[in-house]
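Below is one structure, written out as structure tokens; comments come after it.
The values are calculated or read from the model by the stated rules, or taken from the named source; none is laboratory data. None of these values were measured; they are calculated from a predicted model. Cβ sites come from the backbone with ideal geometry, for glycine too, and all protein chains shown count toward neighbours.
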Amino acid sequence: MRLSPFLLERWFAKYEFEVKYNLCASCASSTNTAELLHLAGENAANEYLHLDLDYTQNPGNPRLRKEISRLYQNQQPEDIQVTIGASEAIYLLMNCLVQPGDNIVVQYPIYQSLFEVASSIGAEVRCWHLDENFNLDLDKLPQLIDEQTKMVVVNYPHSPTGAMISIEQQQRLIQIIEKNDCYLISDEVYAGIVYNPTHELPRAADLSSLAVSIGDLTKPWGLGGLRVGWLASKQPELLEKCSAMRDYTTMCNAAPAEYLSSIAVQYSEEILPQKIELARQNIKTWQQFCEQHPGVFSWIPPKGGFTAFPKIELDVNVDNFCRKLAEEYSVLLMPGSTFGSDQHIRIGFGNNSTQFEEGLELFSKFINSYRKI
């Protein structure tokens, strides 16, 4: 395997911990340990402090798998494979399903590892491009599939655009997958984060045995530091393959992370609405910001997730624009080049509102100075 540099993660590696205001993070505001233990009741802190720090089970702690399975309609604990974040879930899936000579069809733009790992194995990547309004044309999908197609990869709610598909489109997607006997890999790390309940989608793994759902605690719950993700599938043979491959990657998760993750998933109804409301406020603030700077951005508000993908209408090099903003104003945006676009930026709405507003104030000064150059 020869993996190309992960453009988005390399950008974060350079700037994420150097700037004061990160305005492009794709996750909710962070949740801390004290908040989780408080939700779990008076005995939780003592239990946490007395956890054994030995190896844990490869498929995941039984309690955690049970709580995750409750996020689905048709999944049982044995249908869940816990992983180190969604990143490991993607890595395991691609290595267990894809061989040289296969091809995969990938919604584009999309998180790089969802196609890069398969490409490094020797698969052909066929991009299924969103249109300028970030919609998918389902009529084009059958034209991209042939006998060597191993999987179709989608992400909803979508990062970086915040777009959604309808339930009817999702059902048609499942029909196309089943007709062609290939997998649907559904990146659902933002599942549960929508701004209108009518836009919520069923989890793909609940709809077909050929669909595999990828989940993660980073985005909705703001728990990236726990590094807990998972796969959900009704195919025990696939989960066993992923478990066996995991013997060569991370083997298992950390006991403290699994304990806290179990609490987070159990109390989702207490945690997630707060994260959504915070993002909703930041979206309104961003809209006001764009109105204060006419002619700078055109954008489509997100229907789900914590990101949007505004187009910069100025005649600028977007990479240099974002680099200058980070290095001179300590404000971080994600250049669209990390998603294959040289006209867009990714902005994130999960941040603390005060931090978001302060970052935009500096961004405003930057824009005003930039336009004078």
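Check every one of the helices (runs of 4 or more DSSP H) wholly within region 1-70 and list those with 1 or more residues that are within 23 Å of Ser113 (Cβ to Cβ) and out of contact with any Leu (no Cβ under 7 Å at 6 or more places or on another chain).
7-15, 62-69
Mind telling me which of the residues Val125, Val105, Val82 ends up being assigned to a strand (DSSP E or B) and either out of contact with any helix residue (DSSP H, G or I) (no Cβ under 8 Å at 6 or more places or on another chain) or surrounded by fewer than 17 Cβ atoms within 10 Å (Cβ to Cβ) (or both)?
Result: Val125 is the single residue among Val125, Val105, Val82 that is assigned to a strand (DSSP E or B) and either out of contact with any helix residue (DSSP H, G or I) (no Cβ under 8 Å at 6 or more places or on another chain) or surrounded by fewer than 17 Cβ atoms within 10 Å (Cβ to Cβ) (or both).
Out of all the residues in region 191-212, is one or more modelled with pLDDT of 95 or more, crowded, with 19+ Cβ neighbours inside 10 Å, charged (D, E, K, R) and within 23 Å of Pro335 (Cβ to Cβ)?
no
Among Val125, Val98, Val117, which is the only one that is under 24 Å from Pro236 (Cα atoms) and either in contact with a strand residue (DSSP E or B) (Cβ under 8 Å, 6 or more places away or on another chain) or not hydrophobic (A, V, I, L, M, F, W, C) (or both)? Break it down stepwise before answering.
On the way: Val125 fails: under 24 Å from Pro236 (Cα atoms); Val117 fails: either in contact with a strand residue (DSSP E or B) (Cβ under 8 Å, 6 or more places away or on another chain) or not hydrophobic (A, V, I, L, M, F, W, C) (or both).
Only one candidate passes the filter, namely Val98.
Does at least one position in region 44-63 carry a residue that is surrounded by 14 or more Cβ atoms within 10 Å (Cβ to Cβ), within 26 Å of Leu260 (Cβ to Cβ) and of a type in the set (Lys, Arg)?
yes
Looking at Phe134, Phe115, which is the one that is among the aromatic types (Phe, Trp, Tyr) and in a loop (DSSP other than H, G, I, E, B)? Step through it out loud before you land on a result.
Numbers: Phe115 fails: in a loop (DSSP other than H, G, I, E, B).
After ruling out the rest, the residue left standing is Phe134.
Which count do you get for residues in region 308-335 that are part of a strand (DSSP E or B) and over 14 Å from Ser369 (Cβ atoms)? Step through it out loud before you land on a result.
Going residue by residue through region 308-335, those that are part of a strand (DSSP E or B) are 308, 311-312, 331-332, 334-335.
Next, only the ones that are over 14 Å from Ser369 (Cβ atoms) stay: 308, 311-312, 332, 334-335.
Of the residues in that region, 6 qualify.
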